[in-house]
Amino acid sequence: MTTTFAPATPNPVRPVSFGRVLGSEWIKLRTVRATVWTLSITVLVMAGLAALTGWSTVLMRESDIEVDAILLDMHPASIVNGGWFFAQLVVIILGVLTVTGEYATGMIRSTFAAVPRRSPALLGKAAVLFATVFATSAVAVALSWLVSLPFLGQLDISVDLASAETWRLLGGTALYLATMSVLAFAVGALVRHSAGAIAIVIGLVLVIETVLASIPLRIFELVSPFLPSSAGGRLLMDEVSLSFVSNPDAPVLTPWQGYAVLVGWVVLLLGSALLVTRRRDA
Amino acid sequence: MIEATNLTKRYGKKTAVDDVTFTVEPGRVTGFLGPNGAGKSTTMRMIVGLDRPTAGRVRVNGRAYAEHRAPLAEVGTLLDAKAVHTGRTAYNHLLAMAATHGISKKRVAEVIEMTGLESVAGKRVGGFSLGMGQRLGIAAALLGDPQTLILDEPVNGLDPEGVLWVRNLVRFLASQGRTVLLSSHLMSEMAQTADHIIVLGRGKVIADAPVGEIVARAAGGAVVVRSPQAAALEEALRAASAAVTQTESDRLEVTGVPAERIGEIAAGAGIVLHELTPTNGSLESAYMQLTADEVEYHSENPLGHVAQEQGALR
């Protein structure tokens, strides 16, 4: 402890800018354990499920079981990205905790004291979250491709890296997971409560969207294709799966239309979160 | 410089801060006093834009806090020792705060050294004692070398050495011409640290004056007199319209006349005095009188009432 409190050396303090806020949010994201854990689990789930899907496909081919025609026509990239559904549950948790962790600990008051306009802080968090989940998911997809290579070889198929559909399925996985994490982040910013927000988003993905899609009422048939995960998920489905899950009586979205609808949900929720956070007491 | 004008904060029907107007001047330590629930913390949160005023406004160094381009260089704030993510280390917390204002790692290391956090800087904040949390909060407040400091209960949880350190720190910062506003429930601490005191009670300013003036305003001011002829002295003093209380057989407490006059009366009556001691009103008694009607959580039980007020003063 010293008895002088002023800086020993000239201490340049610069105005707050979005770039500096991004830098700060990146430090915050990488220095909590939740980030390391959830991202590691994302990679493990993706690679593990790719290996399992490949292995089970090989087993089905080798056995005398009548293999469904659908399975035989499956795009090879769908074996690689087969873990997306479970991986999204993990990135949803990360997205929520990125903001609710600050509310739970009181950190949000330090954040808003440093960035009192608040919106740059929330947008900075969302941007850093998106980029980090995107990069991690891309690594997870690459690793999934590597671990599924032996099984693809046994099936005499390969992932055609020159095909646009391959890139849609594999790149779309990273894009979808990153976008879902920001959707969860926006809900977390609105609800400000970890368990509540996780329950809402995972409940939406696992329960509400599935249940609504299966209720044979016209209104639900019309609405359910536009729900966030049902719409966005089309980006990472191959042609066979797309036709399989499409209800002929309901609106049918192309993969990119579906993703655009998901982005619309994120814009709506994040916009509401920004508006509400500016007005609320921290 | 902090200027609050008609600042009001209501939570539903409850008014936490009620039309408060005050100015915190640079170059001195201003103490913020008040019982629990008097609105001190709410007022401090409104100053830095964390709570939105229901009415009125508050400016720091001439502008609303959020309008400053580099707020951490204007105002350093310790509002809550636990306004830190518990899973992050102290060093990384300060680094993230510093990054928003382009403040160097060197300055981060400096504030860690100043606050004596070197040995725990690499540890996660979740395991910190209250005192270490306070030091970290103060370190964060100092990062931007701000002109104005707002410290809510900075000595809460500190050991005696830490209390002394905070006292020296805030006095030093004020001596450099900075504006310092701190709240504390420790009256004795406030008497030694603050130059000026703003007393809040039930959301209103009930006193805003230099420490000396607040103490002098305290009725107290009794004179203790010991005399082997206490009864005769009491009679003579009452004749001079003084209020006299006999506390022991040879000891009187006199109010209403100054010590000099008591000496003259005794001499005139040929009464021997063994002691003649003026007692100053303490900040405690001044504060108790000022806030007697303003304590929010009165208990039904009169004994509980006393305990409650003492609790509020802790």
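The values are calculated or read from the model by the stated rules, or taken from the named source; none is laboratory data. As the structure is a computational prediction, the values presented were derived from the model and not from experiment. FYI the Cβ positions are ideal-geometry reconstructions off the backbone, even for glycines, and counts take in every protein chain you see. Remember, those area values only see protein heavy atoms, side chains included, never the ligands or the DNA or RNA. Shrake-Rupley method; radii C 1.70, N 1.55, O 1.52, S 1.80 Å.
A few notes on this one:
- Within the stretch B:93-140, the set of residues being charged (D, E, K, R), within 7 Å of chain A (Cβ to nearest Cβ) and farther than 26 Å from B:Arg167 by Cβ comprises just one member, B:Lys106.
- Some residue of the stretch B:163-170 being in a helix (DSSP H, G or I), within 14 Å of chain A (Cβ to nearest Cβ) and not hydrophobic (A, V, I, L, M, F, W, C): yes
- Test: B:Ala83 is among the hydrophobic types (A, V, I, L, M, F, W, C) and more than 7 Å from chain A (Cβ to nearest Cβ): no
- Verdict on A:Val36 being surrounded by fewer than 17 Cβ atoms within 10 Å (Cβ to Cβ) and part of a helix (DSSP H, G or I): yes
- Screening the stretch A:72-155 for helices (runs of 4 or more DSSP H) wholly inside it with 3 or more residues that are farther than 30 Å from B:Val125 by Cβ returns the ranges A:76-80, A:84-105, A:119-154.
- Check on B:Ala90, more than 7 Å from chain A (Cβ to nearest Cβ) and under 20 Å from A:Arg118 (Cβ atoms): no
- The lone exception for B:Ala109 - which of (1) within 20 Å of the chain's Cα centre (by Cα); (2) modelled with pLDDT of 95 or more; (3) open to solvent by 50 Å² or more (accessible area, probe 1.4 Å) it fails: (1)
- Among the criteria (1) within 9 Å of another protein chain (Cβ to nearest Cβ); (2) surrounded by fewer than 24 Cβ atoms within 10 Å (Cβ to Cβ); (3) in contact with a strand residue (DSSP E or B) (Cβ under 9 Å, 6 or more places away or on another chain), the one B:Leu143 does not fulfil is (2).
- Entry remark, the stretch A:201-211: residues being over 15 Å from the mean Cα position of the chain (by Cα) and β-branched (Val, Ile, Thr) number 4 in total.
- Residues that are open to solvent by less than 10 Å² (accessible area, probe 1.4 Å), polar (S, T, N, Q) and at pLDDT below 95, drawn from the stretch A:77-113: A:Asn81
- When the stretch B:22-38 is filtered for residues that are assigned to a loop (DSSP other than H, G, I, E, B) and open to solvent by 10 Å² or more (accessible area, probe 1.4 Å), the ones remaining, listed by number, are B:Glu25, B:Pro26, B:Gly27, B:Arg28, B:Asn36, B:Gly37.
- Exclusive hit being open to solvent by 40 Å² or more (accessible area, probe 1.4 Å), farther than 18 Å from A:Gly258 by Cβ and in a helix (DSSP H, G or I), set A:Leu206, A:Leu222: A:Leu206
- Residues in the stretch B:246-267 that are of a type in the set (Gly, Ala, Ser) and in contact (Cβ under 8 Å) with a residue 24 or more places away in the chain were compared, and the one that is least open to solvent (accessible area, probe 1.4 Å) is B:Ala266.
- Total residues in the stretch B:97-106, condition open to solvent by 10 Å² or more (accessible area, probe 1.4 Å) and touching a residue at least 24 places away in the same chain (Cβ under 8 Å): 2
- Selection count, the stretch B:47-68, where residues are aliphatic (A, V, I, L, M), under 16 Å from A:Arg117 (Cβ atoms) and surrounded by 20 or more Cβ atoms within 10 Å (Cβ to Cβ): 3
- Only one of the listed residues (B:Arg178, B:Arg171, B:Arg167) is in contact with a Leu (Cβ under 8 Å, 6 or more places away or on another chain) and either modelled with pLDDT of 90 or more or of a type in the set (Asp, Glu) (or both). That residue is B:Arg178.
- Condition check for B:Gly126: out of contact with any strand residue (DSSP E or B) (no Cβ under 8 Å at 6 or more places or on another chain) and either over 25 Å from B:Arg63 (Cβ atoms) or among the small types (Gly, Ala, Ser) (or both): yes
- The set of residues from the stretch B:61-84 being charged (D, E, K, R) and closer than 19 Å to B:Ile138 by Cβ comprises B:Glu74, B:Asp80, B:Lys82.
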